[in-house]
Amino acid sequence: MMRAILVGLVLTVHAASAVPAQAPKASANYDFTYSYPQQAARIAPLKAWLDTDKAKLRAKVAGEAAEFRRQTQRDGSPFRKYEASKDWEVVADTPRFLSLSVTTYGYSGGAHGYGASGGLLWDKRAAQRVEPKAVFVSIAGLDAALRKPWCDWLKRERVRRLGAPIETDDIFGQCPRVKELTVLLGSSTGKAFDRIGLIADQYVAGSYAEGQYELTLPVTPALLRAVKPEYRGAFAVR
């Protein structure tokens, strides 16, 4: 589950009960769960999109798990039950936007499962979904505003987790750019976005064993300049 409290500052989360998916029919091939918060359920077009996404994901997992079952029956290899989950949570609910985070997990018979993070904005004024990075003038501008605090923190945090100075790393030697990260927009007041969360999933900034790297930073004047003019009123500098 996506953590509401990221490393550093705290992204304000408005508590709400998740809307549980209808209990799926028991399957010998896979386990599946999908949930989203009440705030999302109260927005009809957003709820419709989430329900469609749930149906598509479950159909995909069911098909892949069934094919894996057939494959193991043909070659006599052991079958391992598939798993899939997708859980949406509220990051912030402001007058204009509902900001959501999503955590996905899947297991498809390998050595271990895989997880991923993501985000979504619902623009109440325009009644449409918006990708969080799309509210910025450019990814390069967003990266320029965040790169130094993000990379400085990541270097320190990797040393802390690994327990030793980082040697030359041909795979994870470079600090990942914002285009490789999940971006979440948060609020300490519920009135405007004044915090931005950055998440590097496993294998983005470090090995699988290192886990995700999560950092929350305040909205600064430099970051505000990177926001598209039509969205700047939804942000506040801290």
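Could you check, for segment 104-122, whether at least one of its residues is in contact with a Lys or Arg (Cβ under 8 Å, 6 or more places away or on another chain), part of a loop (DSSP other than H, G, I, E, B) and either aromatic (Phe, Trp, Tyr) or surrounded by 12 or more Cβ atoms within 10 Å (Cβ to Cβ) (or both)? The answer is yes, given that some residue of segment 104-122 is in contact with a Lys or Arg (Cβ under 8 Å, 6 or more places away or on another chain), part of a loop (DSSP other than H, G, I, E, B) and either aromatic (Phe, Trp, Tyr) or surrounded by 12 or more Cβ atoms within 10 Å (Cβ to Cβ) (or both).
Among the residues of segment 84-140, the ones that are touching a Pro at 6+ places or on another chain (Cβ under 8 Å) and β-branched (Val, Ile, Thr) come to 1 in all.
Residue 162 - would you say it is more than 17 Å from the chain's Cα centre (by Cα) and either surrounded by 15 or more Cβ atoms within 10 Å (Cβ to Cβ) or in contact (Cβ under 8 Å) with a residue 12 or more places away in the chain (or both)? Against the criterion (more than 17 Å from the chain's Cα centre (by Cα) and either surrounded by 15 or more Cβ atoms within 10 Å (Cβ to Cβ) or in contact (Cβ under 8 Å) with a residue 12 or more places away in the chain (or both)), residue 162 qualifies.
Only residues that are in contact with a strand residue (DSSP E or B) (Cβ under 9 Å, 6 or more places away or on another chain), aliphatic (A, V, I, L, M) and either assigned to a loop (DSSP other than H, G, I, E, B) or over 18 Å from residue 119 (Cβ atoms) (or both) were counted in segment 182-238, giving 8. All conditions but one from (1) buried (at least 19 other Cβ atoms within 10 Å of the Cβ); (2) outside the structural domain of residue 200 (by TED's automatic domain parsing) apply to residue 142; the one that does not is (2). Tell me yes or no: at least one residue of segment 159-169 is of a type in the set (S, T, N, Q) and outside any strand (DSSP E or B). Among the residues of segment 159-169, at least one is of a type in the set (S, T, N, Q) and outside any strand (DSSP E or B), which makes the answer yes.
With respect to the conditions (1) assigned by TED's automatic domain parsing to the domain that holds residue 44; (2) on the phi < 0 side of the Ramachandran plot, residue 154 falls short on a single one, namely (1). The sole residue among 109, 115, 141 that is at pLDDT 95 or above and more than 14 Å from residue 46 (Cβ to Cβ) is 141.
The set of residues in segment 185-199 that are of a type outside the set (Val, Ile, Thr), within 13 Å of residue 223 (Cα to Cα) and in contact with a Leu (Cβ under 6 Å, 6 or more places away or on another chain) comprises 193, 195, 197. Anything in segment 157-175 that is modelled with pLDDT of 90 or more and more than 15 Å from residue 211 (Cα to Cα)? List them, or say none. The answer is 175, and nothing else.
Among the residues of segment 183-238, none is identified as closer than 18 Å to residue 120 by Cα, exposed (fewer than 14 other Cβ atoms within 10 Å of the Cβ) and among the aromatic types (Phe, Trp, Tyr).
The values are calculated or read from the model by the stated rules, or taken from the named source; none is laboratory data. Please read these numbers as outputs of a predicted model, since none were measured by experiment. Every residue, glycine as well, gets a Cβ built from its backbone with ideal geometry; the counts of neighbours run over all protein chains shown.
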